[in-house]
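The values are calculated or read from the model by the stated rules, or taken from the named source; none is laboratory data. Because the structure is a prediction, the values reported are computed rather than measured. Positions of Cβ are generated from backbone atoms using ideal geometry, with glycine treated the same way; all protein chains shown enter the neighbour counts. What goes into the accessible areas is simple: the full protein's heavy atoms, side chains included, and nothing from ligands, DNA or RNA. Shrake-Rupley method; radii C 1.70, N 1.55, O 1.52, S 1.80 Å.
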Amino acid sequence: MDKVREKIKTKGLLFNIEHFFDRYKVIISVVFAVVALSVPFIGLSRATMRLLVMIGLYSMLGMGLNLLVGYTGQVSLGHAGFYAIGAYVCALLQVDAGVNFWLALLIGGIVSGFVGFLLGLPTLRLSGTYLSIVTLGFCEVVQMILKQWESVTYGNYGVRNIPKPELFGFTFNQQNGGFYIIILVLAVLTALGCHFIKNSKTGRAFIAIKEDELAATMMGIKTSRYKILAFVLSAFITGIAGGFYSVINNGYIEPTNFTFNISILIMSVVIVGGLGTIRGMVFGATILMLFPEVFRFLNEWRFVIYGVLLVLMMQFRPQGALGWQSTLPYRLSKETKKLLEKKKAAAEDASRTK
Amino acid sequence: MHALIGTLINGIALGMAYALIAVGYSMVFGILRLINFAHGAMYAFGAYMVYFFVSLKLGLLPAIMLSILMSGILALLIDKVALEPLRKKKSIPIATLITTVGMSFIIQNFLSIEYIFTSEKKGFPSLNLFGSFTVGNVTIQSSQLIMFVVALILLAILTLLVNKTKIGLAMRATEQNVKAANLMGINVNFIISFTFFLGGATAAIAGALISGYYQVISPTMGSLIGLKAFSAAVVGGIGILYGSVVGGLVVGVAECLAAQYLGSNVRDPMAFVILIIILIIKPTGLFGKKGISKV
């Protein structure tokens, strides 16, 4: 009996927290915005600022992959490929064609999204593990093209002298907190985008595909179309993140910045934070970026510990640190609410006339 | 012309060693539907164990034997410690995948710790035991020949084991249907652990053979070769032993030809190019059977 009561209590706590956040979400967002925007002015060290930028970047990458893995259930091990495409398109457009950073960033995202479309096509024939394998191969092939196509990508030498982004004469860089502001805006936009996608018809279709593809087909969801859409959206976000990475990495990118290990790192962010949640991506990115910094005193042991932590995490909390199911009541759309009210009214009318 | 034949011989010898690693992936995947990302690290571990026992002046052959045993036990441990509890809890597949990634992290970084082996590359005893000999215009190194012959014999033994023995029958049964196999009185967990042991042992042998050929080892040497061998397994049809051999040979030869005629940057991704093409044309690989999913 005590155990049951305890369970209800703990469930109640989660509900209370979620309810609190839901009720005061306007105030909380304002406080968050004020705190987040004041960070560059409180005089943090350069290393801390860089860490914050990396956390923002990996939150964004996590959210991109989460769309595909967390919502749609398609496991991709090749997101470093999209990341590389976004970075290279953005960097090369700036260096060789003199395109403005913001436009180049967008084009990088679009090109990456288009490649996502192409890679999404095999999803019609492949599923599960085989799909993961193709994405893994895709990542390696992107590496090969970057290394081999020297006339365009500069091969192993990498792209150098990538200019810093500018807007109305203001140059964004690490020192003045400009990078931080850019990634803050990008990450918040991505989070909002993901939030709206999740609560839209598209998002529900994604989740239906993840839960049971066959049942989703039976409910009239065009699964192949939605799977490709998930790939495109995910690749687009990852491409934008890549474009941003190309300017923050001391104006220099090379093919080895985008290896299979990066794919695994992005995947770890998603898994550690909590599959299918947005809060989890920020948390996962924070943990994984902080880890090597905090445990610096362990020297080489820290990566052994990192592996141990991953294994332990999967044993005891495979849904991720913040990967709980929401306990709040399901939010209906306005149209559905109207329909329900109409039905209610009609039922009342009917009972009155009786 | 003899440059071409030399490249082919090189490719075939390497391909057989790839096949040996691929078989390990294939067996585990066949039973658990799991990409064992720790397999590449196990290959590196095997090579390092040989290096370690050779440095203890045990002689090459006993060192290899001990390394096989150690790697097999390591694979067994990974299964018992990390994967079996997940199976019992019926975890989501991605949790198992990440667990093997974590395991490969542990092994790889353990090997590169300063007090143990350090992250630097190390020289490995050559397997070029009988020098090299010339047939016509083509020179064959004895390490290539040893690689080919040993891998061939082992693959033959494995095939016999799987197809002719009782434990092989149990392995095939488990592969087809875990639940039904369990009902027929097969100790499924033992079979899975045994499969992992075999995988670890073959990875260690492949590690010794390939390192003996290149004569250099490093802690991260397993990751790329692991992925390549995995592609080889998929190209041939994962879960099918002779498929892994064909896949390994295709990847090995294609790789050497690409390095010879297209440039060294093309060498490593060649396996993945073949993989993607094959999977798009025939999603189950060259010899793969089509699985029927029931509702």
Original post:
Chain pair A, B: how much accessible area is buried, both chains summed, with a 1.4 Å probe, in Å² to 100?
Top reply: 3600
Original post:
Magnitude of the Cβ-charge dipole of the protein assembly as shown, K/R +1 and D/E -1, about the Cα centre, nearest 20 debye?
Top reply: 2440
Subject >> Proximal aspartates and glutamates relative to B:Lys89, as straight alpha-carbon distance under 15 Å, when same-chain residues fewer than 8 apart are discounted >> reply: B:Asp79
Original post:
Using a simple spin-label model with points 7 Å from Cα along the Cα→Cβ vector, what separation in nm is obtained for B:Asn137 and B:Leu169?
Top reply: 5.4
Subject >> Anchor A:Lys222: aspartates and glutamates whose Cα lies under 20 Å away (excluding residues fewer than 8 positions away in-chain) >> reply: A:Glu211, A:Asp212, A:Glu213
Original post:
From the residues B:Gly200, B:Leu14, B:Tyr43, which one has its Cα farthest along the dipole of chain B in the positive direction, the dipole being from +1 and -1 charges on Cβ of Lys/Arg and Asp/Glu about the Cα centre?
Top reply: B:Gly200
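Roll a 1.4 Å probe over the protein chains and send me the accessible area per residue for the stretch B:2-281 in Å².
Values: 11330 Å² over 280 residues.
Result: 40 Å² of accessible area for each residue.
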Original post:
Can you tell which of A:Phe21, A:Val304, A:Ile182 lies farthest toward the positive end of the dipole of chain A, using +1 and -1 charges on the Cβ of basic and acidic side chains (Lys, Arg; Asp, Glu)?
Top reply: A:Phe21
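Past the 25 Å Cα-Cα mark, which pairs from A:Lys201/A:Lys338; A:Lys198/A:Lys227; A:Lys227/A:Lys334; A:Lys201/A:Lys334; A:Lys147/B:Lys228? Let's see the in-between values first.
On the way: A:Lys201/A:Lys338 17 Å; A:Lys198/A:Lys227 14 Å; A:Lys227/A:Lys334 27 Å; A:Lys201/A:Lys334 13 Å; A:Lys147/B:Lys228 18 Å.
Flagged as over cut-off: A:Lys227/A:Lys334.
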Original post:
Taking amide hydrogens as modeled 1.01 Å from N in the peptide plane, which residues meet the under 5 Å criterion relative to A:Ile253, leaving out close sequence neighbours?
Top reply: A:Val159
Subject >> chain B: calculated mean residue ellipticity at 222 nm from DSSP helix runs of at least 4, using -39500 (n - 2.57) >> reply: -24000 deg cm²/dmol
Original post:
Restricting attention to the stretch B:204-295, which trypsin sites (Lys or Arg not before Pro) occupy a DSSP loop and are surrounded by at most 15 other Cβ atoms within 10 Å?
Top reply: B:Lys289, B:Lys290, B:Lys294
Original post:
Any idea what angle helix A:2-23 forms with the longest principal axis of chain A, computed on alpha-carbon atoms, 0 to 90 degrees, nearest 10?
Top reply: 70
Original post:
Along the positive direction of the dipole of the stretch B:2-281 (beta-carbon charges: Lys, Arg +1; Asp, Glu -1; about the Cα centre), which of B:Leu76, B:Met27, B:Ala181 reaches farthest?
Top reply: B:Ala181
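R0 = 25 Å: FRET efficiency of B:Gln215 with B:Ile113, Cβ-based, nearest 0.05? Before the final figure, lay out each step's value.
On the way: r = 23 Å, r/R0 = 0.92.
Efficiency computed from Cβ-Cβ geometry: 0.60.
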Subject >> Acute angle (nearest 10 degrees) that the helix A:25-38 long axis makes with the longest principal axis of chain A, alpha-carbon atoms >> reply: 10
**OP:** Taking the Cα centre of the stretch A:128-217 as origin, sum charge times position over the Cβ atoms of Lys and Arg (+1) and Asp and Glu (-1), and report the length of that vector in debye to the nearest 20.
**Re:** 220
Subject >> Assigned charges on the beta-carbon of Lys, Arg, Asp, Glu; the stretch B:2-281 dipole about Cα centre (debye) >> reply: 680
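If you roll a 1.4 angstrom probe over the protein chains with everything in place, what fraction of the accessible area of the stretch B:181-295 belongs to carbon and sulfur, to the nearest %? Walk me through the numbers before you get to the answer.
Values: 3060 of 4570 Å².
Result for the stretch B:181-295: 67 percent of the exposed heavy-atom area is carbon or sulfur.
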Subject >> Peptide A:262-270, shielding by other chains (average Cβ, 10 Å cutoff) >> reply: 2
Original post:
Using the beta-carbon distance between B:Arg33 and A:Ile305 and R0 = 35 Å, what value does 1/(1 + (r/R0)^6) give for FRET efficiency, to the nearest 0.05?
Top reply: 0.75
Original post:
So which residues of the stretch B:219-252 lose at least 40 Å² of accessible area, probe 1.4 Å, when you go from the chain by itself to every protein chain present?
Top reply: B:Leu227
**OP:** Can you tell me the alpha carbon radius of gyration of the stretch B:2-281 divided by the globular rule-of-thumb value 2.2 N^0.38 Å?
**Re:** 0.99
Original post:
Once fully extended, how much extra length lies between A:Phe291 and A:Glu213, figured as 0.36 nm per residue of separation less the alpha-carbon to alpha-carbon distance?
Top reply: 24.4 nm
Original post:
Amide H of A:Gly274: which non-local residues (sequence gap of 5 or more, or other chain) have their own amide H closer than 5 Å, using H built in the peptide plane?
Top reply: A:Ala321, A:Leu322
**OP:** Starting from the eigenvalues of the Cα gyration tensor, five times each then square-rooted, give me the equivalent ellipsoid semi-axes of the stretch B:170-294, largest first, whole Å.
**Re:** 31, 20, 10
Original post:
Relative to the longest principal axis of chain B, what angle (0 to 90°, nearest 10) does the C-alpha long axis of helix B:188-214 take?
Top reply: 10
Subject >> Sites A:Leu37 and A:Lys222, calculated FRET efficiency, Cβ-Cβ separation with R0 51 Å, nearest 0.05 >> reply: 0.75
Original post:
Ignoring ligands, DNA and RNA, what accessible area per residue does chain A give at 1.4 Å, in Å²?
Top reply: 52
